[in-house]
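**Student:** Shown below is the structure under consideration.
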Amino acid sequence: MKPEADRVDPVALLKGLVSLRRLTGLYPAGHPTIEQKLTELDDAVQRHIRGTAALRLDVIHGSALLDGIPFRQDSETQAQILRELTDLGIDSIHIAAGVTRHELLAMSEFLWQLKEAPIGEPIDVQLAARQIRHITLGRLVPLDTRWKVVQWPDSPTGALDPSYELSLALTERTFDDVMSGKGINLATIRDIVHLLIQKVAASNAALGQILAVKLYENLTYCHSVNVATLSLLIGRQIGLDPASTAAVAEAALLHDIGKTRIPLEILKKPSALDKRERKMMEAHTTYGAEILVEVEGLRPLTPTVALEHHRGIDGGGYPDLGPAAVPHFMSQLVAVADIYEAMTGARSYQDPAMPEQACLVLARLAGTKLNTALVKAFVNAISFFPLGSVVRTDRDEIGVVVRTNAAEPLHPVIALMGANRERLPGEIDTSRRLLSGEYERHVIETLRPQEGLDLNRFLAAS
Ligand SMILES: [Fe+2]
């Protein structure tokens, strides 16, 4: 046990670190204010190390630990201090015995400069170049911390609609090719687009598999097939002509191709991204446009959608193209499908949202980020309880939505599910009314689909 006088207040230590960092950005080297703060910090660090030989400050999932022990943090100021570090991509600061005043100052200067030049050589190389030998800085939660979180499969499991399965396989190959520098095969893109328009978007089974809550954390190729299919549903709803339909399918299929240049540990990071990682992730839009503009034979709209699909109709979003640059209509369309698809998919740190929750979020974004008419078209196309949803009625029946009815968005046709998740014979039209004019039954909620539910058996038959 350390003597009372040597105990260091972890919050004061953290504050000292962060304010020294700010001061080095504000004042010239050697300024008395910096010197004073440095003396205080050096004092506290040396006092702590005297008893333990090292000082380890870690931030894990937003809480701070000193030498592995979490410490109390209940004020907004403390939370802000932690964010200031994690926004730089720094999750841990380890200081070993022997650390000098010079090293503490050099680390603060390094942390300040990290803000301006977030990406560069590995941190340990940069620290060594500054003669910092007793301090290590950690950034990016490594992949092996995933043991803490739910493991979702990377793509849909179980039996899939055959045309959907084929388009997934072809798209996976296309994305792998781009990742390994082989370029895009135009003929394959044409095949996938054809398949999506003619088969996938016309198959109830495929649509059910795409619209229902997804119990998998889908990789980019899978997200892309889903977004392209959902974009086709919107296109059908607003009556796009065949040429525009093919254009939107191609653009939606390739909208996230820039993610092939983003490190996997960021794409699959098991927690929310910090500021630096977010910046890297946001670059997938410009990378995508760069990749696509080089491919001869693609429609001119395709790189545009890749560039603009995270931009809002209000001029917000990224990349920053100025408030006056309103995204192309097709970019606005793909944005609606993209947000729904992402929300109804699982993330290691987040359960998938139910379709009706996702539709409510779309409605909230309508008018600012999203085009209101396109949100309405999408919600009308999929209805409140989309194909493939597992629902419960007010008679406590559990079934799968096998058909939707545009005039009765809250009353789909369902097929009941037996105890072994099998389809029971017959169908129930929940829009049927009693003689009194009342509905026979109401669908009251969407349930999370059971593992191993074979939607093909419900939807291929309908
Ligand atoms: Fe994207």
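No value in this document is a laboratory result; all are computed from the given coordinates. The shown structure was predicted, so the numbers you read here are calculated from the model rather than taken from an experiment. Please note: Cβ atoms are built from the backbone with ideal geometry, for glycine as well, and neighbour counts cover all protein chains shown.
**Student:** Run the numbers for LEU410 and THR368: contour at 0.36 nm per residue of separation, minus the present Cα-Cα distance, in nm. Mind dumping the intermediate values first?
**Tutor:** On the way: separation 42, 0.36 × 42 = 15.12 nm, distance 2.66 nm.
Residue separation times 0.36 nm, minus the Cα-Cα distance, leaves 12.5 nm.
**Student:** Give me the angle, in degrees from 0 to 90, between the Cα long axis of helix 186-198 and the longest principal axis of the Cα atoms of the chain, rounded to the nearest 10.
**Tutor:** 50 degrees
**Student:** Positive end of the charge dipole of the chain (Lys, Arg +1 and Asp, Glu -1 on Cβ, about the Cα centre): tell me which of GLY288, ALA325, PRO425 has its Cα farthest that way.
**Tutor:** Farthest towards the positive end: ALA325.
**Student:** Calculate the radius of gyration of the Cα atoms of region 162-381 to one decimal place, then report Dmax, the largest Cα-Cα distance, as a whole number, both in Å.
**Tutor:** 16.0, 44
**Student:** OK, next. For the Cα atoms of the chain, what angle does the longest principal axis make with the long axis of helix 32-52, in degrees from 0 to 90, nearest 10?
**Tutor:** That works out to roughly 90 degrees.
**Student:** Something else now. Indicate the gyration tensor shape class of region 4-139 (rounded, prolate or oblate), computed on the Cα atoms with a ≥ b ≥ c the square roots of the eigenvalues: a/c under 1.5 is rounded; otherwise a/b larger than b/c is prolate and the rest oblate. Present the calculation step by step, with values, prior to reporting the outcome.
**Tutor:** Details: a/c = 1.29, a/b = 1.14, b/c = 1.13.
Rounded, because the longest to shortest axis ratio a/c is under 1.5.
**Student:** Find the Rg to Rh ratio for region 390-459, where Rh is the Kirkwood radius over alpha-carbon pairs and Rg uses the same atoms.
**Tutor:** Numbers: Rg = 12.0 Å, Rh = 12.4 Å.
Value, to two decimals: 0.97.
**Student:** For helix 329-344, what angle does its Cα long axis make with the longest principal axis of the chain, in degrees from 0 to 90 and rounded to 10?
**Tutor:** Approximately 80 degrees, to the nearest ten.
**Student:** Name the GluC sites (Glu not before Pro) in region 156-246 that are in a loop by DSSP and that have at most 14 other C-beta atoms within 10 Å, would you?
**Tutor:** Values: sites: GLU165, GLU172, GLU217; in loops: GLU217.
Passing sites in region 156-246 do not exist.
**Student:** Here is a further query. Would you calculate, for the chain, the mean residue ellipticity at 222 nm contributed by helices, counting each DSSP H stretch of 4 or more residues as -39,500 (n - 2.57) and dividing by all residues, to the nearest 500?
**Tutor:** Values: 18 runs with 215 residues, N = 462.
Rounded to the nearest 500, the figure is -14500 deg cm²/dmol.
**Student:** Full-extension gain between GLU165 and ARG432, please, as 0.36 nm times their residue separation minus the C-alpha to C-alpha distance.
**Tutor:** Numbers: separation 267, 0.36 × 267 = 96.12 nm, distance 3.51 nm.
That works out to 92.6 nm of additional length.
**Student:** Test of understanding: what is the full-extension gain from ASP320 to LEU26, defined as 0.36 nm times their sequence separation minus their Cα-Cα distance? Present the calculation step by step, with values, prior to reporting the outcome.
**Tutor:** Numbers: separation 294, 0.36 × 294 = 105.84 nm, distance 2.75 nm.
103.1 nm is the gain from fully extending ASP320 to LEU26.
**Student:** Which is the longest stretch in the chain that no exposed loop site breaks, taking sites as chymotrypsin sites (Phe, Trp or Tyr not before Pro) with a DSSP loop state and at most 15 other Cβ atoms within 10 Å? Each step should come with its number before you reach the end.
**Tutor:** On the way: sites that count: TYR216, TYR349.
Free of exposed loop sites, the longest segment is 1-215.
**Student:** Using a Förster radius of 35 Å, what is the FRET efficiency between GLN357 and ARG56 based on their Cβ-Cβ separation? Nearest 0.05, please.
**Tutor:** Details: r = 40 Å, r/R0 = 1.15.
Rounded to the nearest 0.05, the efficiency is 0.30.
**Student:** Let me ask something else about it. Quick one: if the Förster radius is 22 Å, what FRET efficiency do GLU440 and ARG236 give, using the C-beta to C-beta distance and rounding to 0.05?
**Tutor:** Working: r = 30 Å, r/R0 = 1.37.
Efficiency at R0 = 22 Å is approximately 0.15.
**Student:** For region 321-416, run through the GluC sites (Glu not before Pro) and keep only the ones in DSSP coil with at most 15 other Cβ atoms within 10 Å of their Cβ. Provide the component values of the computation, followed by the final result.
**Tutor:** Details: sites: GLU341, GLU356, GLU397; in loops: GLU397.
Those that pass, being in a loop and sparsely packed, number zero.
**Student:** Between ARG392 and MET179, what FRET efficiency comes out of the Förster formula 1/(1 + (r/R0)^6) with R0 = 51 Å and r the beta carbon distance, rounded to 0.05? Kindly include the intermediate steps, with their values, before the conclusion.
**Tutor:** Working: r = 42 Å, r/R0 = 0.83.
In this case the efficiency is close to 0.75.
**Student:** Is region 332-456 best put as rounded, prolate or oblate by its Cα gyration tensor, with a ≥ b ≥ c the root eigenvalues, rounded for a/c under 1.5, and otherwise prolate when a/b is larger than b/c, oblate when not?
**Tutor:** Details: a/c = 2.45, a/b = 1.39, b/c = 1.76.
Oblate, because a/c is 1.5 or more while a/b does not exceed b/c.
**Student:** Express the C-alpha Rg of the chain as a ratio against the empirical globular expectation 2.2 N^0.38 Å, rounded to two decimals.
**Tutor:** Values: Rg = 26.9 Å, N = 462, 2.2 N^0.38 = 22.6 Å.
Cα Rg divided by the expected 2.2 N^0.38 Å: 1.19.
**Student:** Magnitude of the Cβ-charge dipole of region 390-459, K/R +1 and D/E -1, about the Cα centre, nearest 20 debye?
**Tutor:** Here the size comes out at about 100 debye.
**Student:** Can you pull out the trypsin sites (Lys or Arg not before Pro) in region 157-198 whose DSSP state is coil and whose Cβ has at most 12 other Cβ atoms within 10 Å? Mind showing how you got there, number by number?
**Tutor:** Values: sites: ARG173, LYS182, ARG190; in loops: LYS182.
Of the trypsin sites (Lys or Arg not before Pro), the ones in loops of region 157-198 whose Cβ has at most 12 other Cβ atoms within 10 Å are LYS182.
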